[in-house]
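Visitor: Below is the structure I would like to discuss, written out as structure tokens.
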């Protein structure tokens, strides 16, 4: 039987793609794992930081979840929180990427405060983009992949807006593969179905958050306000992520494989946050809009908590040695 995949008007017009395996009823937008062919990485090639235990302790703000954040303060792709790994998808991306600090004129400050960022132009090649590895995240939500997670990005997209791929759950990015989170040219956000138009503003800093439960709903937020909701696509379906049980990168950022055009866009990114649970609308509302310091800016009391956690971890290690 040949499956027919139907896309709503939000999904950009593109040439017919090879039909995926038949999706369960009600999940017509599900993209099966058949399309997500793994790159030839081995488990041994994955970097496993020795300080993984301490990184997990640093996730005290969300108990039992692994948190990852990149704020680009060092002028590189090193993580600011957690044990995640962000890397260039190819050599050309590294030459296209620049790091800097807002000047308040060419690049506006965030809330009047200078902020670090990385900048990319419209990406010229399907091979471009950024890989993310969720090294401390296993399968969740009752499936074989990561079915519950939250993605938050503080970003500025210069005018004019156009199709902008943000997150791609197929890190190998094969031909005819769309990304899975987009900004559209009319200022709406979503995929398969969209928010109202005119919500995402060009030339200003926005905090875009997506809370995903593939067995339930996918909630979209802009500057702390929920702007869209849709079905999550089904357990282990299109919007699930690879985990640390799968070799190689788990996510491709800022690119897609639709060869009918270029659906990437110039942008500035101040921070990127991921956690392996679906945050609630109240939690995301509390995050508010973009902040110069990043998404998870620790309060003084949090630093004390993290210090106590580190001390407890060291004491536990010493006990195990005795």
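Visitor: Give me the number: length gained by fully extending residue 94 to residue 186, i.e. 0.36 nm times residue separation minus the C-alpha to C-alpha distance, one decimal in nm.
Guide: So the chain would gain 30.1 nm between residue 94 and residue 186.
Visitor: Assuming a ≥ b ≥ c are the square roots of the Cα gyration tensor eigenvalues, decide whether segment 55-296 counts as rounded (a/c under 1.5), prolate (otherwise, with a/b larger than b/c) or oblate.
Guide: Taking the square roots of the gyration eigenvalues as a ≥ b ≥ c, segment 55-296 is rounded.
Visitor: In square nanometres, what is one fourth of the surface area of the convex hull spanned by the alpha carbons of segment 56-198?
Guide: Reported value for the Cα convex hull: 10.6 nm².
Visitor: Any idea what log10 I(q)/I(0) is at q = 0.18, 0.24, 0.27 Å⁻¹ for segment 253-295, Debye with uniform C-alpha scatterers and no solvent?
Guide: Taken in order of the listed q values, log10 I(q)/I(0) reads -0.77, -0.95, -1.02.
Visitor: Using a/c under 1.5 as the rounded threshold, could you call segment 136-177 rounded, prolate or oblate? The axes a ≥ b ≥ c are square roots of the C-alpha gyration tensor eigenvalues, and prolate needs a/b larger than b/c, oblate otherwise.
Guide: oblate
Each value in this text was obtained by applying a stated rule to the coordinates, not by laboratory testing. Worth saying up front: this structure is predicted, and the values here are computed from it rather than measured.
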